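Shown next, in structure tokens, is the structure this report addresses.
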Amino acid sequence: MTDAPPGAGLALGGPAPDFTLRDQFGQDVTLSSYRGTKAVLILFYPFAFSGVCTGEMSQLRARLDEFLTFDTEVVAISCDPIYALRSWADADGLNFPLLSDFWPHGAVAKAYEVFDESDGTALRSSYVVGRDGNLAWAVHNPRGDGRDLDEHLKQLRAAAD
């Protein structure tokens, strides 16, 4: 990580860095496949099975019907291996894409400027990508602070309109 704030080099309104990552089931998920059809909420998080991350993802699971519509998608990204993500999804009933940025380690987190080099994890950062494939919103939370899901839902819906 540099001294610049997370995501400082990414311009809102500019293109979202594209990626293809594997989910907890080993299936490829490509961001650009949603272009033209859905707005996407990308949730970067540090660790599967950790307290704050588990709380956030459980809250998201409980409200998933609000976040997933014909016009919206949610993906969560960490640098954990696929096998850890599958185990976590099974243990906590997480039924949305948990994407592994394990190898090359943190490449997508680095593209979004939210990779913490000191411990090899993603920061607790969120991006909304509009249907046009451009960055519509971003927020970066301290590691120990959970996200405001109401604000995330508001921003995701705005990008889908």
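The values are calculated or read from the model by the stated rules, or taken from the named source; none is laboratory data. As the structure is a computational prediction, the values presented were derived from the model and not from experiment. Here the Cβ positions follow ideal geometry from the backbone for every residue, glycine too, while neighbour counts run over all protein chains shown.
I'd like to check something: does the range 36-44 contain any residue that is of a type outside the set (A, V, I, L, M), part of a loop (DSSP other than H, G, I, E, B) and touching a Ser or Thr at 6+ places or on another chain (Cβ under 7 Å)?
Yes - at least one qualifying residue is present in the range 36-44.
How many of the residues in the range 90-105 are crowded, with 21+ Cβ neighbours inside 10 Å and either in contact with a Phe, Trp or Tyr (Cβ under 7 Å, 6 or more places away or on another chain) or among the aliphatic types (A, V, I, L, M) (or both)?
Residues meeting the conditions: 3.
Could you figure out which of (1) surrounded by fewer than 21 Cβ atoms within 10 Å (Cβ to Cβ); (2) modelled with pLDDT under 95 isn't true of Ala62?
Ala62 satisfies every listed condition except (2).
Quick one: how many residues across the range 60-91 are out of contact with any Gly (no Cβ under 7 Å at 6 or more places or on another chain), of a type outside the set (Phe, Trp, Tyr) and under 21 Å from Val129 (Cα atoms)? Show your work before the answer.
Taking the range 60-91 first, the residues out of contact with any Gly (no Cβ under 7 Å at 6 or more places or on another chain) are 60, 62-78, 80-81, 83-91.
Retained after the next criterion (residues that are of a type outside the set (Phe, Trp, Tyr)): 60, 62-66, 68-69, 71-78, 80-81, 84-87, 89-91.
Narrowing further to those that are under 21 Å from Val129 (Cα atoms): 60, 63-66, 68-69, 71-78.
Qualifying residue count, the range 60-91: 15.
Considering the range 87-133 alone, what residues qualify as being in a loop (DSSP other than H, G, I, E, B), more than 22 Å from Leu64 (Cβ to Cβ) and of a type outside the set (D, E, K, R)? So that I can check it myself, show each step before the final result.
First, pick out the residues of the range 87-133 that are in a loop (DSSP other than H, G, I, E, B): 93-97, 101-106, 112-114, 117-120, 123, 130-133.
When the remaining residues are screened for being more than 22 Å from Leu64 (Cβ to Cβ), the result is 102-106, 112-114, 117-120, 123, 132-133.
Result: Phe102, Trp103, Pro104, His105, Gly106, Tyr112, Val114, Ser118, Gly120, Leu123, Gly133.
Is it the case that the range 55-62 has a residue that's without any contact (Cβ under 8 Å) to a residue 40 or more places away in the chain, within 19 Å of Phe19 (Cα to Cα), touching a helix residue (DSSP H, G or I) at 6+ places or on another chain (Cβ under 8 Å) and not basic (Lys, Arg)?
no
Any chance the range 134-153 includes a residue that's closer than 23 Å to Gln27 by Cα and part of a loop (DSSP other than H, G, I, E, B)?
Within the range 134-153, none of the residues are closer than 23 Å to Gln27 by Cα and part of a loop (DSSP other than H, G, I, E, B).
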